[in-house]
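See below for the structure under consideration.
Just so you know, all these numbers are worked out from the coordinates, no wet-lab data involved. Keep in mind that this is a model prediction, so the values were computed, not measured. With ideal geometry, Cβ positions are generated from the backbone for all residues, glycine too; neighbour counts draw on all protein chains shown.
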Amino acid sequence: MADAVVFMNPVPSKAPQISAFKFLKVISPCFDKVSIISSSLDETEDAFVYNVKYEKQSNKILRVLNFILFQLKVFFVGMKVLKKGDYAFFWVGDKMFSSQLLCKLKGVKTYFFLYGMTSLENASKKAQTTKKSQDYLSKKADFVCAESESVLTDRGIALSDKTKIIHLYVDDLANNSVKENKIGMLCRLASGKCVLESIEGFTEFHKTHPEYTLDIVGDGLLYDECERKIKELDAEKFITLHGWLLHNELFKIMPSWKLLLFPTKTEGMPNSVLESMSMGIPALASFVGGLKDILVNNENGYVLSGDDAVSIASSLSKVVDSDTLSTVSKGAKATIENKFTLIKARENFKSQMGF
């Protein structure tokens, strides 16, 4: 077997690390050695970790210089680690320009992963720059990868022998808790996740379904605005803004949810939806990106009619007033058991790679 090297952007929080480490666990049995080059990663038994120092800077000039320095450091670390015949994977690696150049110089085949388009969430300069770098690096790569076919086709990328569908897995999350009249949201608090619309929509839904409450778990740029919106609507008694929670804290409240509310403008393969489905919590979600490849309306989940407040309120009422939740809950769990276990993810990786 050959070796594999994973290149990853500097890690700003633990969230990207969780998905990266799952990727390492999927691929590690297929290689003699797996290395990952990034910044601020924890140690893991599934790979040799090479952390390159990277500090965020508020000053624009210093930020640019720091980014260039990071690229140079990664290049020289990669020079020592990477050799011809290895496999190079870019996992959340849209900033790893020097790494791709290094792979080309060493004649190493590159596999670049694409996810949901953040440029659809907002028109910020940062989002547009991210899309441009993703487009550029994916075109330069030997293979373009995604966790779901629709992630590629939504970007106008036709499926071919140059595309690979490599998905992750969900840990075994047994859930024997009694479901309560609780609905959960688990997402970044960003405009593209329609969280303000969800607060408004749930408040309207609550007028006819006062027995229901909403838990919102996550952090982001809109946290303060969400807090203000909840107060403005006098919804503090039935909407709780938890902020970011570690997994052990999340799983204290999540098992009692009856439904996951997941409106979004764009999406890859959302781990939050997969985790909830594994616990028998179906998602009421937008039919976009990777969600199109896993959600079957009224069988293992529910499709939102829209992502505005009125549509969210209407869809919530339709779901909870139906008698399908028990059946759909079983369908959600079965979907994970049939495709998204670690064993299934490893089998799929081997198949896609031709091993």
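Quote the charge dipole size of the stretch 182-339 about the Cα centre in Debye, to the nearest 20; the model charges only the Cβ of Lys and Arg (+1) and of Asp and Glu (-1). Let's see the in-between values first.
Working: 16 positive and 22 negative charges, 73 e Å.
Using Cβ point charges on Lys, Arg, Asp and Glu, the stretch 182-339 gives about 340 debye.
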Given 0.36 nm per residue, what is the gain on full extension from Glu232 to Lys83 after removing their alpha carbon distance, in nm? 47.8 nm
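Sorted from fewest to most neighbouring beta carbons within 10 Å, what does the list Leu245, Leu65 look like? Show your work: numbers first, answer last.
Working: Leu245 17, Leu65 12.
Going from sparsest to densest Cβ surroundings: Leu65, Leu245.
Which ordering of Glu204, Glu267 is given by a fewest-first count of other beta-carbon atoms within 10 Å?
Working: Glu204 18, Glu267 28.
Ascending Cβ contact count within 10 Å gives the list Glu204, Glu267.
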Placing +1 on each Lys and Arg Cβ and -1 on each Asp and Glu Cβ in the chain, then taking the dipole about the Cα centre, the residue among Ala20, Ala146, Gln134 whose Cα reaches farthest towards the positive end is Gln134
Taking the 0 to 90 degree range and rounding to the nearest ten, how far is the long axis of helix 223-232 tilted relative to the main principal axis of the chain, both from C-alpha atoms? 10 degrees
Pick out which of Lys333, Lys132, Lys60 has the largest mean-square fluctuation in a Gaussian network model of the chain, springs linking Cα atoms closer than 10 Å. Lys60
Please report, to one decimal in angstroms, the Kirkwood hydrodynamic radius of the stretch 182-339 built from all distinct Cα-Cα pairs. 15.3 Å
Within 10 Å, count the other beta carbons around each residue, average over each peptide in 3-16, 335-348, 90-103, and list them highest first. 90-103, 3-16, 335-348
Where in the stretch 304-340 does the label zone of Glu149 land, with the point 7 angstrom along Cα→C-beta and an amide N cut-off under 20 Å? 335-340
Measure out, as a whole number of angstrom, how far apart the alpha-carbon centroids of the stretch 258-321 and the stretch 38-58 sit. 34 Å
Amide H proximity to Met117 below 5 Å, modelled H, separation 5+ or other chain, gives Glu267
Under 5 Å from the placed amide H of Gly93, counting only residues 5+ away or on other chains, we find Asn9, Phe113
With +1 assigned to the C-beta of every Lys and Arg and -1 to the C-beta of every Asp and Glu, and no other charges, what is the dipole magnitude of the chain about the Cα centre in debye, to the nearest 20? 1660 debye
Work out from phi, with θ = phi - 60° and the Karplus expression 6.51 cos²θ - 1.76 cosθ + 1.60, the ³J(HN,Hα) of each residue of the stretch 261-277, listed in order in whole Hz, and give x for Gly and Pro. 8, 9, x, 7, 7, 8, 6, x, 10, x, 4, 5, 5, 5, 5, 5, 4
With unit charges on the beta carbon (Lys/Arg positive, Asp/Glu negative), name the residue among Val328, Thr208, Ile239 whose Cα is farthest towards the positive pole of the charge dipole of the stretch 182-339. Val328
Starting from the Cα of Thr240, step 7 Å along the direction of its Cβ; do the same at Ala15; then give the gap between the two resulting points in nm. 2.1 nm
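Distance cut-off 22 Å, Cα to Cα: go down the list Lys33/Lys140; Lys193/Lys258; Lys33/Lys80; Lys22/Lys182; Lys22/Lys73; Lys125/Lys164 and report the pairs above it.
From Lys33/Lys140; Lys193/Lys258; Lys33/Lys80; Lys22/Lys182; Lys22/Lys73; Lys125/Lys164, over 22 Å: Lys33/Lys140; Lys22/Lys182; Lys22/Lys73; Lys125/Lys164.
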So what's the angle, to the nearest 10 degrees on a 0 to 90 scale, between helix 309-320 and the longest Cα principal axis of the chain? 70 degrees
Return, ordered by residue number, the residues of the stretch 52-92 whose backbone nitrogen is under 12 Å from a label point located 7 Å along Cα→Cβ of Lys140. none
Using label points projected 7 Å from each Cα along Cα→Cβ, tell me how many nm separate Glu249 and Cys30, to one decimal. 3.6 nm
Charge-dipole axis of the stretch 182-339 as Lys and Arg at +1 and Asp and Glu at -1 on Cβ define it, positive-most pick from Ser317, Asn338, Gly280: Asn338
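Compute the length gained on full extension between Lys339 and Leu62: take 0.36 nm times their separation in residues and subtract their Cα-Cα distance, giving the result in nm to one decimal.
Between Lys339 and Leu62, full extension yields an extra 95.2 nm.
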Helix 125-140 sits off the longest principal axis of the Cα atoms of the chain, rounded to the nearest 10 on a 0 to 90 degree scale, by 50 degrees
Using only helices, what value at 222 nm comes out for the chain when you add -39,500 (n - 2.57) per DSSP H run of length 4 or more and divide by the total residues, to the nearest 500 deg cm²/dmol? -12500 deg cm²/dmol
